[in-house]
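Okay, structure first, notes after.
The values are calculated or read from the model by the stated rules, or taken from the named source; none is laboratory data. The model shown is predicted, which means the values in this text are computed figures rather than measured ones. So basically every Cβ, Gly included, is an ideal-geometry build from the backbone, and we count neighbours across all protein chains shown. Surface accessibility is based on the protein's heavy atoms, side chains included, excluding ligands, DNA and RNA. Shrake-Rupley method; radii C 1.70, N 1.55, O 1.52, S 1.80 Å.
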Amino acid sequence: MKKFFSSAIIICTLSLTTVTVFNSCSSDDDTEVVPNPSNVNIDPNNFKVALNSGDKLVLDATKTYTMTGAVIVNNGAELTIPAGTKINCVGGTSTYVAVAQGGKIYINGTASSPVVFSSTTAKKADWGGIVICGKAPINASATAGGSATSEVANLTYGGAIADDDSGVITYTQIRYAGARFNDTKEYNGLSLFGVGNKTKIDGVSVIDGADDGIEFFGGTVNVSNIVSVNNDDDALDWTEGWNGTATNIFTKRTSATVGNRGIEADNNSKNRSASPLSNPTIKNATFIGYTTSDTEGVGTNIFREGTSATLDNIVFSGWANAITIQHDESVALLNGKNKFTNIKFDNVITKAVTIASASGSTAQPAAEGTYTENANATGAGSGTSTPSWANGWSGL
């Protein structure tokens, strides 16, 4: 994806509301929320608003909303979207949900009644997406604990608050996002900029987007029960020092011409040793490339630009190179370091390769001890099949 662009633009989500009594749901439970009453009125047929400090907006799940422009949740404002709410988005790049630092969003879908962001024409790039900007550490700033500015909406992100709280997103579908300004500038489905680990993201499905499914720009946020299917670029992307966990991840390309990588992992392309170092943990995940009946697909899952990572119980299926470790800094952190454990390689041409930083370097087999294999690894839960936790609410 185009890194700085998605920064604030991708937040095409919902509506603001204060939650005074909040009982979050786990992956197996429904969410019960008693929000503060709305003090902002909007037209459901022309949903666009900038919420400012003290504003609280709670949507009505009995209504279908048409989002026609930006929904921005500024510092001190709250947007609440109840379970079962349907939001159809029109307007291309002008339509998105963005949560600024200090703003709160509560998307309270449940397994039996998810929140659905879609579009009226059901085409990729019909709208932007959802962007959240928090105050957790990033390495895009010249100083430790510093901040950066997202290209879209000029929102600040990053800081020194690892446990920053931007709200909750549970059981939510994000469909037909990824509107493009040009060939190099477009939205992701869900963009997380410096989001802190008190933010809850559990149960998000990004389907049929025109760029990445979900991307992390630094931060410490943890995510679980994530689906990324048929998106035009990477399924899972991180950069700028993300240090969080991703558990129960199911991603899939659906054709040889749709999608790029399962994982695109960077630390910082301008300074590969920038701190904090990208070093997330990915556990219980399936990354499916495109596979015909008798040949392997193309593409790879790439770890580069100085990133580290720990992966466990992973299924890589249908890739030319299941794991590519590129640039000297990432090679030093991952090659032969046993950071990839309990890996099942299914219908891949090459299991793991390294590529040095020097221009023109060719791929070499990864060193012994880079990964351990487990033919019984379940990945997201059911190998290459849709996991049970994604049934129903995800839209698969």
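Remarks
- Prolate/oblate/rounded label for the stretch 182-283 (Cα gyration tensor, a/c 1.5): oblate
- Here the sum of -39500 (n - 2.57) over DSSP H runs of 4 or more residues, divided by the residues of the chain, equals -500 deg cm²/dmol at 222 nm, to the nearest 500.
- Most fluctuating residue given options SER255, SER382, SER278, as computed from a GNM of the chain linking Cα atoms under 10 Å: SER255
- Highest mobility in the GNM of the chain, judged by mean-square fluctuation with C-alpha springs under 10 Å and restricted to THR251, THR170, THR281, is found for THR281.
- Listed residues TYR106, TYR371, TYR157 arranged by accessible area, highest first, probe 1.4 Å: TYR371, TYR106, TYR157
- Each of THR378, THR341, THR362 has its accessible area taken with a 1.4 Å probe; listed largest first, they run THR362, THR378, THR341.
- Positive minus negative residues near THR372 (Lys, Arg vs Asp, Glu; Cβ under 13 Å): +1
- Sequence-distant lysines (8 or more away, or on other chains) whose Cα lies within less than 16 Å of LYS135: LYS104, LYS198, LYS200
- Order by protection proxy (mean Cβ within 10 Å, highest first), peptides 107-116, 204-213, 40-49: 204-213, 107-116, 40-49
- The heavy atoms of LEU57 present about 0 square angstrom of accessible area, all protein chains included, probe 1.4 Å.
- Summing Cβ point charges (Lys, Arg +1; Asp, Glu -1) relative to the Cα centre of the chain gives a dipole of roughly 280 debye.
- Note on ASP183 and LYS63: their simple-model spin labels are 4.3 nm apart, each label 7 Å out from Cα toward Cβ.
- Inter-site label distance for LEU396 and SER269 at 7 Å from Cα along Cβ, in nm: 3.0
- Positive dipole terminus of the stretch 29-167, leading residue within TRP127, GLY103, PRO137 (C-beta point charges): TRP127
- Chain lengthening between SER359 and ALA50 when straightened (0.36 nm per residue, less Cα-Cα): 106.5 nm
- Gain on full stretching of the segment that runs from ALA122 to THR372 - 0.36 nm per residue minus C-alpha separation: 85.8 nm
- Order by protection proxy (mean Cβ within 10 Å, highest first), peptides 144-150, 76-82: 76-82, 144-150
- Positive-pole candidate from THR149, LEU236, THR378, dipole of the chain, charges at beta carbon: THR149
- The chain, relative contact order in percent, only Cα pairs under 8 angstrom and at least six apart counted: 12
- Cα gyration tensor shape of the stretch 48-128, rounded if a/c is under 1.5, else prolate or oblate by comparing a/b with b/c: oblate
- Prolate/oblate/rounded label for the stretch 58-99 (Cα gyration tensor, a/c 1.5): oblate
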